[in-house]
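Chemist: Below is the structure I would like to discuss, written out as structure tokens.
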Amino acid sequence: MAGGKRVAVVRCGSYDREEVEGAVAQALSLLGGLGSFVSPGQRVLVKPNLLLGATPEKCVTTHPEVVRAVARMLRDLGCQVVIADSPGAGTLYTEGSLRKAYALAGWDRAAEELGVGLNLGTGYQEVPHPEGRKVRRFLIIDPAKEADAIVVVSKAKTHVLTTMTGGVKNLFGVMPSIEKPAMHARFRSVEDFSEMLLDLNQLMRPRLQVMDAVVGMEGDGPHTGDPRRIGAILASDDPSALDSVAARIMSLDPMEVGTLAAAAKRGLIREDCADVEVLGEPLEGLVVKDFKRPRTKSREKGFGQSRLASVALSMVKAYSLKPKVDQGRCTGCGSCVRVCPQGTVRLSRGRARIDSGRCIRCYCCHEMCESRAISLQRSPAGRALARMVERRSDRGKGD
Ligand code: SF4
Ligand code: SF4
């Protein structure tokens, strides 16, 4: 191991309060203790994953017991703690939507019990970032801009766009909701979007990362996937190192994850992740071998073993999954209209309709639909190609 990137991994089999508090404390102790990262008296933002707000058993949000354990340790150290996130793009950044999302996620009770802050303000500021490679100015919500230190408390989930969301992607939430579609519109490819996220991490420099990987999300995350038991709490001061370890536990090749591939290009992590040292629990016993990938990424790797097939894949737009509205489930709430960076979704007779010709496959609408009315589907030609891909991939496995 070289490079000093350390990731602490501690087993945690449930969301029982004592077990979570013990696991978080042990993970931070392996890294030298909480006091190595923050000091008494500092204003510390605890930044979990809120997305739309959802009840904890859905595994969309960071579990309140993990948020609570981290906030409690910070409070006991003497920090001024504020818990905050900006919900996903289709949600308005208002006090009402924050209250509703926090209550669903169970963070309001955690904050009240501990006597720590829960941000209900909706202010944000423009922050210059002259060193940014893609972005030289970001809009940042007040509690993040005003914090002396940020502690990210992420959730281990798959992601239909970036393959996985963890520590690096979590910081997207320090931007106000209204800015997020603009970022998707500017950075349409996974590579560019990931570069933007790395710029944001470089600007905000979170001090510490804790990841809730007790029960993660598999399949079509970050919203409509399924809960999957992993059984661990992870911690690190390096977001890419943290994500690389989480990816391995979720049976993903770290370089399939957009943010990790971009980090490797910048020299922030080695492609083989050999510069990451795992402290605590050996990974072998934690890897979930059949962890379900997002369907948007499900067979590309196997298909990519054939160069011809790979070229065909890149040429056939039909292969990629397209968002489709289930008119029976759609409530006409308009979230997908607000979030779409292309202006491709409109409401007609109280139901959403997508102009798929202009769709850039960012999947924000799928991510933000609370009614699960947007599914991801292929055209008939795409389905035929997908079957071919699966046959090739299965044959490859038998070789
Ligand atoms: S598909 Fe319908 S229910 Fe879903 S976000 Fe769009 S308008 Fe709302
Ligand atoms: S319709 Fe297409 S471009 Fe618009 S949010 Fe959905 S996936 Fe993105």
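The values are calculated or read from the model by the stated rules, or taken from the named source; none is laboratory data. Predicted, not measured: the structure shown is a model, and the values here were computed from it. All Cβ positions, glycine included, derive from the backbone under ideal geometry; neighbour counts span all protein chains shown. Quick note on the areas: whole protein, heavy atoms, side chains included, nothing else; ligands and nucleic acids left out. Shrake-Rupley method; radii C 1.70, N 1.55, O 1.52, S 1.80 Å.
Chemist: What FRET efficiency do you get for Ser251 and Ser29 if R0 is 25 Å and r is their Cβ-Cβ distance, rounded to the nearest 0.05?
Modeler: 0.35
Chemist: From the phi of every residue in region 146-159, what ³J(HN,Hα) in whole Hz does the Karplus formula 6.51 cos²θ - 1.76 cosθ + 1.60 yield, where θ is phi - 60° and glycine or proline is x?
Modeler: 8, 6, 6, 8, 10, 10, 7, 10, 8, 10, 7, 9, 6, 8
Chemist: Then there's this: Collect residues whose amide H, placed 1.01 Å from N in the peptide plane, falls under 5 Å from the amide H of Asp212; neighbours closer than 5 in sequence don't count.
Modeler: Here the answer is Ser154, Lys155, Ala156, since their amide H atoms fall under 5 Å of that of Asp212.
Chemist: Considering only Cα-Cα distances, which of the following residue pairs are longer than 31 Å: Lys145/Lys289; Lys169/Lys324; Lys58/Lys134; Lys5/Lys100; Lys58/Lys180?
Modeler: Going by Cα-Cα distance, Lys145/Lys289; Lys58/Lys134; Lys5/Lys100 fall outside the 31 Å limit.
Chemist: Separate question: Taking the Cβ of Asp192 as the centre, find all other residues whose Cβ is under 13 Å away and add up their charges (Lys, Arg: +1; Asp, Glu: -1).
Modeler: Summing Lys/Arg as +1 and Asp/Glu as -1 gives +2.
Chemist: List residues of region 334-371, by number, whose backbone nitrogen lies under 18 Å from a label position 7 Å along Cα→C-beta of Ile178.
Modeler: Only 335-343 pass the distance filter.
Chemist: Here is a follow-up. Rounded to whole Å and sorted largest first, list the principal axis extents of the Cα atoms in the chain.
Modeler: So the extents along the principal axes, rounded to whole Å, are 60, 53, 43.
Chemist: If the label point is 7 Å along Cα→Cβ of Thr94, which residues in region 27-68 have backbone nitrogen under 18 Å from it?
Modeler: Residues 52-53 qualify, since their backbone N sits under 18 Å from the label point.
Chemist: Another question about this same structure. Give a residue-ordered list of calculated ³J(HN,Hα) values for region 200-209 (Karplus: 6.51 cos²θ - 1.76 cosθ + 1.60, θ = phi - 60°; whole Hz; x for Gly, Pro).
Modeler: Working through the residues one at a time gives 5, 5, 5, 5, 7, 6, x, 6, 8, 10 Hz.
Chemist: Please work out the FRET efficiency for the pair Arg266 and Gln377, using the Cβ-Cβ distance as r and a Förster radius of 45 Å; give the result to the nearest 0.05.
Modeler: In this case the efficiency is close to 0.80.
Chemist: Got a number for carbon plus sulfur as a percent of the chain's accessible area, 1.4 Å probe?
Modeler: 48 percent
Chemist: Hey, another quick one. Given H placed on each backbone N at 1.01 Å, which residues far from Leu279 in sequence or on other chains put an amide H within less than 5 Å of it?
Modeler: Amide H neighbours of Leu279, under 5 Å, 5+ apart: Val7, Ala8, Val9.
Chemist: Is the shape of region 188-262 best called rounded, prolate or oblate, per the rule: a/c under 1.5 gives rounded, else a/b larger than b/c gives prolate, else oblate, with a ≥ b ≥ c the square roots of the Cα gyration tensor eigenvalues?
Modeler: Oblate is the answer for region 188-262, as a/c is 1.5 or above yet b/c matches or exceeds a/b.
Chemist: Say R0 is 30 Å: what FRET efficiency, to the nearest 0.05, do Ile360 and Met388 get from their beta-carbon distance?
Modeler: Calculated value: 0.75.
Chemist: With a 10 Å cut-off between alpha carbons and a GNM built on the chain, which of Leu28, Leu161, Leu283 moves the most?
Modeler: It is Leu283.
Chemist: If you restrict to DSSP beta bridges whose two residues both lie in the chain, what percentage is antiparallel, to the nearest 5?
Modeler: Close to 60 percent.
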